[in-house]
Every structure is written in structure tokens, then in C-alpha cells.
Amino acid sequence: MISSEEIRKKYLDFFKSKGHTVMPSASLIPENDPTVLFTTAGMHPLVPYLLGEKHPGGNRLTNIQKCIRTGDIDEVGDNVHLTFFEMMGNWSLGDYFKQEAIEYSFEFLTSKEWLGLDKNLLAVSVFQGDNDAPFDSEAFEKWKSLGISEKRIAKLPKKNNWWGPAGETGPCGPDTEMFYWTGDPNKVLDEFDDTDPLWVEIWNDVFMEYNKTKEGTYIPLAQKNVDTGMGLERTVAVLNDNCDMYQIDTFKPIIEKIEELSGKKYGENTEDTRAMRIIADHLRAATFILGDERGIIPSNVGQGYVLRRLIRRAVRYGKMIGIKEDHFTSLVARVVIKLFRGVYKELERNEDSIVEELVKEESKFARTLQNGLDEFRKIFNKNGRITGKDAFYLYQSYGFPKEMIKEDIKELNKSITNLVNNEVNKDQKISIEFPEEEFDEEFKKHQELSRTASAGVFKGGLADNSEAVVKYHTATHLMLQAMREILGDHVEQRGSNLTAERLRFDFSHPVKVTPEEIQKIEARVNEIIQKDLPVHFEILSIDEAKKRGATGIFDEKYEALGNNIKVYFVGDYSAEICGGPHVEHTGVLGTFKIQKEEAVSQGVRRIKATLQ
Ligand code: SER
């Protein structure tokens, strides 16, 4: 079997040979970008550079990026969709464009020295053009010149052949996608049909020529970039004679563990197989989120909520296929960690906390189910039925977040029905009807309320590079330095999130920050703002960065970049490893005010602050 490790290495070696700098994977949790919850593609951490910031690694980059996409969560269970996956990517920041990008892709795919895929089983698609941008004739002609017949080049609309922005605004452009025929090679038709599932998309070259603005217009970018992404799992499956993605080396041991725990056999029955795939996918994703260098734990908001959903969904499917073991999620996580620890060192480093959080979350979920069941019983005994309103408020008050979607609640309803049948009504099976219409009504009412409440949260963001966000970014640096002076050197960044309206910053600190300390921090930040210190960056080696007192976590990510670390300096006040962008002088920041200080988890506090 061709291994993932072999393909990772080939990909990086190939692009290294074409002058690309190899970068480590960035965190799964985007920094300073409120427009998305997770890193969904390798381009995501590169947004400032795609918009023109100088990258310390130069203008040709490559890496293997850990990605999470939750948009496809309902499709997980088939053979091509995953929530967590590894994406191999190469980038040109204003260097080469369509010609070379397509040449590189073609060479890597078909050359015997690299993947050696059969050219006759390849097809591609290009952007057909619309009011925002013209037909991509350059990509079309290039593929033809490489020997791809016209019949195998589909011209498709924006829905298919346009990528980005990752959030509402930001860099984007037409793309060209590459597909490989996964059916019987003798049955491949001359004409490419992109709706035939036997054609599996494996690579996407995006030509980032535009910046989408808040107003929805597409402005040509001064710097034209290439952003490509190739799904590792799909590629490995294709190379192993189109085997099922869940049978490749980074999945098989996980599936085997689930077989052992459930006593079921993978591939024997469609329902069980789907459940096993969902469990394997979700627990791989959960392990990576928990093990991320910017640690996230299950909660009812943001990333923590997605994490909670993944774990609880895996638990439900686990019960469905007969897993009895308490805390089985942690047993599966150990297998995931073992599989990936050589590549993603943070998993091994965080093994204990990953396991601990999974055990906690499974116990919490079991309690929630039990409480829900008791409550259900009471209401059912009293009224003889459960109304949509009952269901809605009941589920919500038992630890299920407001954003919870109906699918979750329906599934929970099934679990509770099972419990009722097993524990109460052993002889006569009943079914608790899910009051769908009533529930929808409640849900709609509720959604309208919460939409109003959360309006603004997703506005702006680094992706659109709005001035306000950049100001908050610099203010965050000043605040971190002030906290290290006033609270102590143990203060380190644990998370940062910026909008055009506020900064939010998570940091390590064992106790509540007192009102006096808050005042001192505010005063210090305002003092530095008034000094109107200049802001600049320098590219330094790790040793120089350390010597000059730069804050930041010096982990293997930076080691891999060697002598190329970007450090932002605010006068002689603060030095911090950071990608930027920042204001040029602190004087433009206005008045800094801390609005809220609270706990996030043990040892981690959160501050929200504004500039006026
Ligand atoms: N950003 C593009 C994608 O995710 C290429 O990496 O498909």
C-alpha cells in the first residue's frame, strides 16, 4: 500500500525542487480572523500575504496543512467527505501564475518520477466566465497544450470553479480543478461528466486575482497569486487503486479499533459502515482540535461547540453500533495520536489533555442524556405527549446550545426513545414522535432572536483588512506586553479574535485579574498609544528573535522556518512574533478600554476591549 507519508514527502520534495520554501502546518484555529472558526484550507493562514504582506519564507511556499471543514458534516459517511483532512498546497505570492501552476500540477500528477497517474484518466474543469470575471481561456488553452482533450475540459460556473474568499471578504478567483477516474479504466468515456461520482476531484489550483469587498464587488488584486490544494486522503486512496478512503493507512487502524469495540465488521452492512466512518472521521477531527497548539475544549460557543458536536455525534453513532465501553472516544483518540504523532508533534505533547477532555465530555453527555430522559418521562407521564415547545426548551436546558440544529435534536430524540424502551418499557416498545412542525416554529422564533443578538460578531475581520481590525491587532500587542509587565511573565497568548468592533484575547493567568490591575493595564496601553511609537517588523533567526525579547511560542513551527521569523516591534516597548498587519504609529489607536474580563477554562482568562 502506498502510504500517506510517502505522498507527503513526494509533494514537498517536488515543490522544493521548484524553489518553494516548505512551511509547517499552521494551527487549526485561525488567529486574528473572525470570519471563520477553523482553518479550512492552506491559504487561510496566508491571507495577509495574499493581500501583499511580505512572507518570511519568500514568494514560493508549500506545506501540508491540517484542515477542518464542517460545512460537509452531513455528507460525512460516504467515501469522499471528511471534516478533518490534510491538504497539500503550493503558493505563489505574486510570482508564477497560471502557466507554471498548471505545468507543475500536471508534472506532479503524471510524471513517472512523481505520482505517475495515467493522463488518459484525468479530466479538468475551468471557469466559464460571468459578469464578475471572464472565461478563463488561459487555463483552458494551457490544459489543451499539455494534451488534455477538449472533451475532458469542462467549462463551469462560479458555483464550481471559483474559490474563496474563506470568509465573507478577501482574496479569491477562478480555479481549475483536476479529477481522476476511479471506475474501471476500460469504461472511461471520452467526455468528462463532472456530476459522475466516479470522477473524483483531487486537486484545485486557484488563481487569486481578486479581492471581494464587503459590498460584494470584485476588485483586481495588485499582486496575483496562486493557491493550490490537494486532498491527501483522496490522493492516497486513488493511488491505491481507488480504494475506500477509510481503508488508507491514516484511517485503517482507527476503523479496526472501532470494529474491535463494537464487534461489527466494516463493509458488511451499509448502516454500520456509515456509522463507523462517521465515528472515525469525527474522532480524528476532535483529537486534532483538542490537541491543537491553540487548545480548544468542548463548550457551547464557537470552536468549542463544533468540537462538542463532533464528540457527541461520535458517541451517538458508537452506541448505535453497540459500543458498550465507557469513554471509548478516548480509546479511539489514542489510536489517532499514535498514527499521526510523527508528523504533528502537538498530538503527542497534548496526549494527556486530549484523553482527559474526551473522558469528561463523554461523561457529561451521558449525564445530559440521563437528565433529559428523566425530564422526558415526567412530561410524558403528566401530559401524555411532548410538544415542540417542550422539546425545544428541554433540550436546550440540558446543556445543548442554542445554535443546535434540528438534526442533533432528532438524533437525541432517537437516543432517548431507545433509552425509554430499554429502561422503562422493555415489553412494549414505544416511539416518542418528534414534533417536527411545532419544533420548527420554536426554532425559527428563536433563530430570529439570536440573529439580532449576534449581528456584528461576524462583521469585518482581517480578511477584509479593514482599518479597524488592524488597529485592534496592534492594540492586542500593546495589551499583551502591558499584562506581562503588570501580571507577570507567565502571561502568554492562548487565543485572539478580532472584529471591527473589539478585540478578544485569551491568555494564561491563574486567577481573576483585579479591577486595580485592569486599570493599570489600561493606563499603560493608553500611555504607549500617546507616545505615538512607530511600528515595524524585521525578519530574524530564532536566536536573534529570542535575544531581542520577542514573545511568542517557540515551537517546531518556528524551528522549521529557521532564520525566517517575522517579528513586529512597537518602538522599544513590545516585540512579538507575528504575521501582521499592523498600524504604522500607535497614535492612531485612540483610547483603549477593557470591557470585560472572565474565565475561559482553568488557568485561561479572556479579555474583551475596545478602542474609542
Ligand atoms: N483554497 C483552495 C481549496 O481549498 C486551494 O487550496 O480548494
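Here are some notes:
- Test result for Phe85, in contact with a Cys (Cβ under 9 Å, 6 or more places away or on another chain), touching a residue at least 12 places away in the same chain (Cβ under 8 Å) and within 15 Å of the ligand (Cβ to nearest atom): yes
- Looking across segment 532-546, just one residue is closer than 19 Å to Glu492 by Cβ and open to solvent by 60 Å² or more (accessible area, probe 1.4 Å), and that is Lys546.
- Among the residues examined, Lys151 does not qualify as over 29 Å from Thr39 (Cα atoms), part of a helix (DSSP H, G or I) and in contact with a helix residue (DSSP H, G or I) (Cβ under 9 Å, 6 or more places away or on another chain).
- Among the conditions (1) more than 16 Å from the ligand (Cβ to nearest atom); (2) closer than 24 Å to Phe108 by Cβ; (3) open to solvent by 20 Å² or more (accessible area, probe 1.4 Å); (4) in a helix (DSSP H, G or I), the only one that Arg234 does not satisfy is (1).
- Positions within segment 315-349 being open to solvent by 40 Å² or more (accessible area, probe 1.4 Å), under 18 Å from Asp292 (Cα atoms) and not hydrophobic (A, V, I, L, M, F, W, C), in sequence order: Arg334, Lys338, Arg341, Gly342, Lys345, Glu348, Arg349
- Filtered by the rule that a residue be within 16 Å of the ligand (Cβ to nearest atom) and either surrounded by fewer than 18 Cβ atoms within 10 Å (Cβ to Cβ) or of a type in the set (Phe, Trp, Tyr) (or both), segment 88-99 gives Trp91, Tyr96, Phe97.
- Condition check for Thr217: open to solvent by 40 Å² or more (accessible area, probe 1.4 Å), within 23 Å of Thr83 (Cβ to Cβ), among the polar types (S, T, N, Q) and at pLDDT below 95: no
- For segment 169-187, the candidate set comprises residues that are acidic (Asp, Glu) and out of contact with any Ser or Thr (no Cβ under 6 Å at 6 or more places or on another chain); within that set, the residue that is most open to solvent (accessible area, probe 1.4 Å) is Asp184.
- Members of segment 255-286 that are within 26 Å of Ala26 (Cα to Cα) and either among the hydrophobic types (A, V, I, L, M, F, W, C) or not in a helix (DSSP H, G or I) (or both): Ile278, Ile279, Ala280, Leu283, Ala285, Ala286
- The residues of segment 48-65 that are away from the ligand (no atom under 11 Å from the Cβ), outside any strand (DSSP E or B) and aliphatic (A, V, I, L, M) amount to a single one, Leu51.
- Listed by position, the helices (runs of 4 or more DSSP H) inside segment 497-612 whose residues that are closer than 28 Å to Pro45 by Cα number at least 3 are 542-547, 556-561.
- Among the residues of segment 130-166, those that are more than 16 Å from the ligand (Cβ to nearest atom) and without any contact (Cβ under 8 Å) to a residue 24 or more places away in the chain comprise Asn131, Pro134, Phe135, Ser137, Phe140, Glu141, Lys144, Ser145, Glu150.
- Residues of segment 518-531 classified as surrounded by 16 or more Cβ atoms within 10 Å (Cβ to Cβ) and charged (D, E, K, R), total: 3
- Residue in segment 287-296 that is closer than 28 Å to Lys345 by Cα, of a type in the set (A, V, I, L, M) and not in a loop (DSSP other than H, G, I, E, B) present: yes
- Any chance Asp249 is under 30 Å from Lys319 (Cβ atoms) and at pLDDT below 90: no
- Residue within segment 174-190 that is within 16 Å of the ligand (Cβ to nearest atom), of a type in the set (A, V, I, L, M) and either closer than 30 Å to Ile29 by Cα or assigned to a loop (DSSP other than H, G, I, E, B) (or both) present: yes
- Filtering segment 191-206 to residues that are more than 16 Å from the ligand (Cβ to nearest atom) and in a strand (DSSP E or B) leaves only Trp199.
- Listed by first and then second residue, the pairs linking a residue in segment 533-544 that is farther than 16 Å from Pro56 by Cα to a residue that is open to solvent by 60 Å² or more (accessible area, probe 1.4 Å) and assigned to a strand (DSSP E or B), with Cβ atoms under 8 Å apart and 6 or more places separating them unless they lie on different chains, are Leu533/His585; Pro534/His585; Val535/His585.
- Residue within segment 28-47 that is away from the ligand (no atom under 12 Å from the Cβ), more than 23 Å from Trp143 (Cα to Cα) and open to solvent by 50 Å² or more (accessible area, probe 1.4 Å) present: yes
- Consider segment 103-144 and keep the residues that are in a helix (DSSP H, G or I) and open to solvent by 60 Å² or more (accessible area, probe 1.4 Å). The one that is farthest from Asp205 (Cα to Cα) is Asn120.
- Flag if Ile219 is more than 16 Å from the ligand (Cβ to nearest atom), free of Cβ contacts under 8 Å to residues at least 24 places away in the same chain and either not β-branched (Val, Ile, Thr) or not in a loop (DSSP other than H, G, I, E, B) (or both): yes
- Count of residues meeting criterion [over 17 Å from Met88 (Cα atoms) and of a type in the set (A, V, I, L, M, F, W, C)] in segment 1-37: 4
The values are calculated or read from the model by the stated rules, or taken from the named source; none is laboratory data. Computed from a prediction, not measured in an experiment: that's the story for all the values here. Virtual Cβ from ideal backbone geometry, glycine too; neighbours counted across all protein chains shown. Surface accessibility is based on the protein's heavy atoms, side chains included, excluding ligands, DNA and RNA. Shrake-Rupley method; radii C 1.70, N 1.55, O 1.52, S 1.80 Å.
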